[in-house]
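Since the structure comes first, as structure tokens, the remarks are kept for the end.
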Amino acid sequence: MYDTIIIGGGPAASSAAIYAARKQLKALIIAQEFGGQSVVSNDIDNWIGDIRISGFELAQKFEKHVKAQSDLEIKEGTRVTEITQVETEHHFPVYQVTTDAGDSFQTKSLILGMGAHRRKLGVPGEHEFNAKGVAYCATCDAPFFGGMKVAVVGGGNAGLESAWDLLAYADEVYLFNRSGELKGDPGAAKRIQAHEKFKGVLYNTVVTEILGDKMMTGVTYKNTETGEESQMELQGLFIEIGSLPNSDMVKDLVDLNDRGEVVIDHKHSKTSAPGIFAAGDITDEAYKQNNISAGDAVKAALSAYEYVSTLHD
Ligand SMILES: Cc1cc2nc3c(=O)[nH]c(=O)nc-3n(C[C@H](O)[C@H](O)[C@H](O)COP(=O)(O)OP(=O)(O)OC[C@H]3O[C@@H](n4cnc5c(N)ncnc54)[C@H](O)[C@@H]3O)c2cc1C
């Protein structure tokens, strides 16, 4: 029986694992891979302690730091496929974690760090030009589009925030919006539309293809009311149509909000289920960032330590 099992290999799970090990919990981390979502970024400029680091190097650092914890057990390259609460003789909930390798482990507590995945447009060229003009995180990548002509897909708050971030760097910013009105905060929309570098919202418009050669060079888009197709030259396209938390597996165990995010108490990173903690992009944390994921995971690990210390047979 483990004191805690940590699931994931991004900043959240990696820092939870390090703290659990430092607290001498009998801990196991199950990571499909180390690094997390920003592994694809060429330059991460806001990871505290490194002025600039690639996502790949950051992933290597997480892995090295986790593997330096001598008593920590690690299952790498393995995916958790099921988590259930099991009946035991103990007077506290016991959780069973099953992996795609067919192994099952029991634990007194769990730290969920499975993160999220960006919702994709699902159009030709999106995969091919990923990180070659196509981007999913303006907070991270807007500075690389200095002086360029770019567009954002999505008129919700994430799309508007991206457009605002891009206006600080790019020369021309457009926004593709599927419906006839922007869904995001009207104040933010007004501020963006008043900016001299903002060149307009294309309403009732969907991007149907991303064009390019070695790098992206433009898009084909369609007006959903008239059916008319047009092309626009662009050097960057930020896709901000939402992010999907990897929470499906725990939907019957813990409370999720209407976006499918695990609801946590932000003081202790506790979920609604006793002994289950969560951190990072899988949660309802407002800001999805590496440093925040790591910090919330520290809270989760310390809370798991306190929780386990209170359990008696
Ligand atoms: C392209 C891009 C660039 C970004 N750049 C920056 C940046 O510059 N700065 C910044 O602060 N933030 C950046 N972000 C945001 C940042 O990456 C996330 O906030 C952060 O990665 C969230 O960390 P996490 O550990 O919660 O989850 P994730 O990073 O999503 O990691 C989840 C981990 O869990 C593993 N996993 C998932 N399911 C299972 C399972 N069932 N079993 C086992 N393992 C599983 C995955 O393999 C992965 O390792 C970027 C995001 C993207 C998409």
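The values are calculated or read from the model by the stated rules, or taken from the named source; none is laboratory data. Not measured: the values here are computed from a predicted model. In this analysis, Cβ positions are derived from the backbone assuming ideal geometry, glycine residues included, and neighbour counts consider all displayed protein chains.
Give region 248-263 a look and list any residue that's within 12 Å of the ligand (Cβ to nearest atom), in a loop (DSSP other than H, G, I, E, B) and over 24 Å from C140 (Cα atoms), or say none. Scanning region 248-263 gives no hits. Only one entry of A301, A286 meets the criterion of being out of contact with any Asp or Glu (no Cβ under 8 Å at 6 or more places or on another chain) and in contact (Cβ under 8 Å) with a residue 24 or more places away in the chain, and that entry is A301.
Among the residues of region 229-237, none qualifies, meaning not one is away from the ligand (no atom under 16 Å from the Cβ), within 23 Å of the chain's Cα centre (by Cα), assigned to a strand (DSSP E or B) and surrounded by 21 or more Cβ atoms within 10 Å (Cβ to Cβ).
Residue-by-condition table, conditions (1) closer than 22 Å to T84 by Cα; (2) within 9 Å of the ligand (Cβ to nearest atom):
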{"site": "M1", "(1), (2)": "yes, no"}
{"site": "S15", "(1), (2)": "no, yes"}
{"site": "Q32", "(1), (2)": "yes, yes"}
{"site": "D50", "(1), (2)": "no, no"}
{"site": "G55", "(1), (2)": "no, yes"}
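Checking the stated criteria, D171 turns out not to satisfy the condition of being within 30 Å of T4 (Cβ to Cβ) and surrounded by fewer than 17 Cβ atoms within 10 Å (Cβ to Cβ). The condition (being under 27 Å from Y2 (Cβ atoms), assigned by TED's automatic domain parsing to the domain that holds A16 and either hydrophobic (A, V, I, L, M, F, W, C) or not in a loop (DSSP other than H, G, I, E, B) (or both)) is satisfied by just one residue among T78, T84: T84. The residues in region 196-253 that are of a type in the set (G, A, S) and under 30 Å from M114 (Cβ atoms) can be counted, and the count is 4. The residues listed here are Y221, Y287; of these, the one that is on the phi < 0 side of the Ramachandran plot and modelled with pLDDT of 95 or more is Y221.
Within region 88-117, the set of residues being within 12 Å of the ligand (Cβ to nearest atom), in contact (Cβ under 8 Å) with a residue 60 or more places away in the chain and surrounded by fewer than 19 Cβ atoms within 10 Å (Cβ to Cβ) comprises T99, H117.
Scanning region 76-83 finds no residues that are within 15 Å of the chain's Cα centre (by Cα) and surrounded by fewer than 24 Cβ atoms within 10 Å (Cβ to Cβ).
Of the residues making up region 210-236, those that are over 18 Å from H127 (Cα atoms) and either in contact with a Gly (Cβ under 7 Å, 6 or more places away or on another chain) or among the polar types (S, T, N, Q) (or both) are N223, T224, T226, S230, Q231, M232, E233. None of A297, A273, A278 is within 11 Å of the ligand (Cβ to nearest atom), of a type in the set (G, A, S), closer than 17 Å to Y95 by Cβ and modelled with pLDDT of 95 or more except A278. Among residues of region 44-66 that are under 15 Å from A131 (Cβ atoms), those with a Cβ under 6 angstrom from a residue that is of a type in the set (S, T, Y) and surrounded by 19 or more Cβ atoms within 10 Å (Cβ to Cβ), sequence gap 6+ or separate chain, pair up as I44/S38; G55/S38; G55/S41. For region 172-214, the set of residues classified as charged (D, E, K, R) and in a loop (DSSP other than H, G, I, E, B) consists of R178, E181, K183, D185, E196, K197, D213, K214, listed by residue number. Flag not set for Q69, criterion: closer than 22 Å to N246 by Cα, more than 14 Å from the ligand (Cβ to nearest atom) and not hydroxyl-bearing (S, T, Y).
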